[in-house]
Amino acid sequence: MQRLIVGLSGSSGVIYGIRLLEVLHGIPDVETHLILSKGAELTLRFETQHGVDEVKSLANVVHNPENLAASVSSGSFQVSGMVVIPCSMKSLAQIALSLNDNLLTRAADVTLKERRKLVLVPRETPLHLGHLRHMTAVTEMGGIILPPVPSFYHAPKTIMDLIDQTVGKVLDQFGIEHHLFRRWGGDDT
Ligand SMILES: Cc1cc2nc3c(=O)[nH]c(=O)nc-3n(C[C@H](O)[C@H](O)[C@H](O)COP(=O)(O)O)c2cc1C
């Protein structure tokens, strides 16, 4: 059984987080702990037809982002790791600087200090030096920066194909099997 913390923060692309939760919902031996920031609730409203309760129903456990006493706030609570998808530049900066004033950033900080896997899917463009430095800092601390950058060799046809490719790359990080995109099999011609 894998226990995974899934943080959805308020950058554009909340659909990536929803899709990850949908896929994990169908995997019985993965237990998801969802932290949905207030910012993510806003983008959910602006960018999708999904309701907050509907998204919450995809997770096994839902945590209040203000509750710093939640289980995932402590390193003694065993989890495989955490993914923040999408990750706003605000949450990225807070994680890079250990500014743990909400549960999402506290859980990410705990993930790093326990040397567990932290995957951030940052969404902003263009990036200024501060954003890049924060990504460097998180990488230096052991985190993985996995921007939602599509590849085209698997011939995507729909927006969902592009989303699934990024979600599949996140699942790859945790060794979770999936069929969300066709893998490159090599070209031996
Ligand atoms: C519709 C919408 C789109 C946004 N897109 C982005 C974005 O792509 N990247 C980003 O860093 N912030 C974006 N923001 C701003 C964040 O929501 C804002 O910085 C918020 O404070 C992030 O807080 P959180 O990380 O705690 O969710 C967007 C806000 C809105 C309302």
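The values are calculated or read from the model by the stated rules, or taken from the named source; none is laboratory data. From a predicted model like this one, the values you see are computed outputs, not experimental measurements. A quick note on method: Cβ atoms are made from the backbone with ideal geometry, for glycine too, and the neighbour counts reach across all protein chains shown. SASA here: full protein model, heavy atoms, side chains in, ligands and nucleic acids out. Shrake-Rupley method; radii C 1.70, N 1.55, O 1.52, S 1.80 Å.
Leaving ligands and nucleic acids out of the surface, order LYS117, LYS90 by accessible area at 1.4 Å, largest first. Show your work: numbers first, answer last.
On the way: LYS117 70, LYS90 125 Å².
So the residues, ranked largest to smallest area, are LYS90, LYS117.
In what order, largest first, do VAL84, VAL52 sit by accessible area if the probe radius is 1.4 Å?
From most accessible down to least: VAL52, VAL84.
Rounded, prolate or oblate: which fits the stretch 1-64 when a ≥ b ≥ c are the square roots of the eigenvalues of the alpha-carbon gyration tensor, with rounded for a/c under 1.5 and prolate only if a/b beats b/c?
Prolate.
Can you sort TYR16, TYR153 by 1.4 Å-probe accessible area, starting with the largest?
Numbers: TYR16 35, TYR153 120 Å².
Per-residue accessible area, sorted high to low, gives TYR153, TYR16.
Would you compute, from DSSP H runs of 4+ residues alone, the mean residue ellipticity of the chain at 222 nm, taking -39500 (n - 2.57) per run and dividing by the full residue count, rounded to the nearest 500?
For the chain, the value works out to -11500 deg cm²/dmol.
Where is the GNM fluctuation largest for the chain (alpha-carbon springs, 10 angstrom cutoff): PHE174, PHE152, PHE46?
PHE152
In debye, nearest 20: dipole of the chain around its Cα centre with unit charges on the Cβ of K, R (+) and D, E (-)?
Dipole size: approximately 320 debye.
Please give the helix 14-25 orientation as an angle from the longest Cα principal axis of the chain, in degrees from 0 to 90, rounded to the nearest 10.
Tilt relative to the chain: about 90 degrees.
Gain in length, LEU99 to LYS38, computed as 0.36 nm per residue apart minus the alpha-carbon separation, to one decimal in nm?
Length gained between LEU99 and LYS38: 20.3 nm.
Which whole number of Å³ per residue matches the convex hull of the alpha-carbon atoms in the stretch 40-189?
154
Go through LYS90/LYS113; LYS117/LYS169; LYS90/LYS157 and tell me which ones have a Cα-Cα distance over 25 Å in this structure.
Violating the 25 Å limit, Cα to Cα: LYS90/LYS157.
Relative contact order of the stretch 2-172, please, whole-number percent, based on alpha carbon pairs below 8 angstrom and at least 6 residues apart.
Relative contact order, the stretch 2-172: 24 percent.
Can you tell me how much longer the chain between VAL61 and ASP187 gets when fully stretched, taken as 0.36 nm per residue apart minus their C-alpha distance, in nm with one decimal?
Length gained between VAL61 and ASP187: 41.0 nm.
Any idea what Rg and Dmax come out to for the stretch 146-189 if you just take the C-alpha atoms, in Å?
Gyration radius and largest Cα-Cα distance of the stretch 146-189: 10.9, 32 Å.
Would you work out if the stretch 38-102 is rounded, prolate or oblate? Take a ≥ b ≥ c from the square roots of the eigenvalues of the alpha-carbon gyration tensor; rounded if a/c is under 1.5, else prolate when a/b is larger than b/c, oblate otherwise.
Details: a/c = 2.05, a/b = 1.29, b/c = 1.59.
It is oblate, given that a/c is not under 1.5 and a/b is not larger than b/c.
Any idea what angle helix 129-140 forms with the longest principal axis of the chain, computed on alpha-carbon atoms, 0 to 90 degrees, nearest 10?
Compared with the principal axis, the helix lies near 90 degrees.
Let a ≥ b ≥ c be the square roots of the eigenvalues of the Cα gyration tensor of the stretch 1-124; is it rounded (a/c under 1.5), or, if not, prolate (a/b larger than b/c) or oblate?
oblate
Specify which residue in the list ASN60, VAL138, GLN78 is farthest towards the positive end of the charge dipole of the stretch 2-172, using unit charges on the beta carbon of Lys, Arg (+1) and Asp, Glu (-1), about the Cα centre.
Value: VAL138.
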